[in-house]
Amino acid sequence: MKALRKEADERLLIEEAQKDPTRFAELYENNFERVYAYVVRRVGDRTETEDLTSEVFHHALANLRRFEWRGIPFAAWLFRIAANLIADRWQQSNREHLVDDPEQIESAPAGGVEFEEVERRATLFSLVDMLPVEQRRVVVLRFVEQKSIKEVAQEIRKTEGAVKQLQFRALSSLRARLEGADA
């Protein structure tokens, strides 16, 4: 029942945004983390991920009037746009290898196991955003920017022990919240 209501709400929001593009902001907010997680999984580079994610939403807004509701989540359409943009970038630049296998983009399903993984990553991104500022900063520096404990300590001007403690607390909190979200 909840899924049907969510689907109806999404359909209504899409129809409203098609009539009034200022309503697109809510679609953006609802889907940003999913699209970001989808792109980062394929690209791996933070700057490239941010650029591509921005392009996905720019393209979606520009083509929103052409979107036809078929009962499939709006995110699936966004994933297809993202896959096409990634494929275009990959083809344009052979020296920069953005994905492990370009065939994977073309055949990537919009649903099933991959969609569940994207949803899980999107949930994780939102949970990271809810962490206290210092814990969130440590998580981003350690796991997104892949900096060492020593580099993080220097950047945030704390001892390595303090960084380890912040990381431990953040990961414990994330683990507990993820388990709660999965239940």
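Each reported figure results from applying straightforward, stated rules to the coordinates on display, with no laboratory input. Since the model is a prediction, treat every value here as computed from it, not as a measurement. All Cβ positions, glycine included, derive from the backbone under ideal geometry; neighbour counts span all protein chains shown.
For Glu29 and Arg136 in the same chain, what is the full-extension length gain: residue separation times 0.36 nm, less their Cα-Cα distance, in nm?
36.5 nm
Taking the Cα centre of region 130-183 as origin, work out the dipole magnitude from +1 charges on Lys and Arg Cβ and -1 charges on Asp and Glu Cβ, in debye rounded to 20.
140
Can you sort Ile156, Ile14, Ile86 by how many other beta carbons sit within 10 Å, fewest first?
Lowest to highest Cβ neighbour count: Ile156, Ile14, Ile86.
Using just the Cα positions, wrap region 130-183 in a convex hull and report its mean projected area in square nanometres, one decimal place.
Dividing the Cα hull surface by four gives the mean projection, 3.5 nm².
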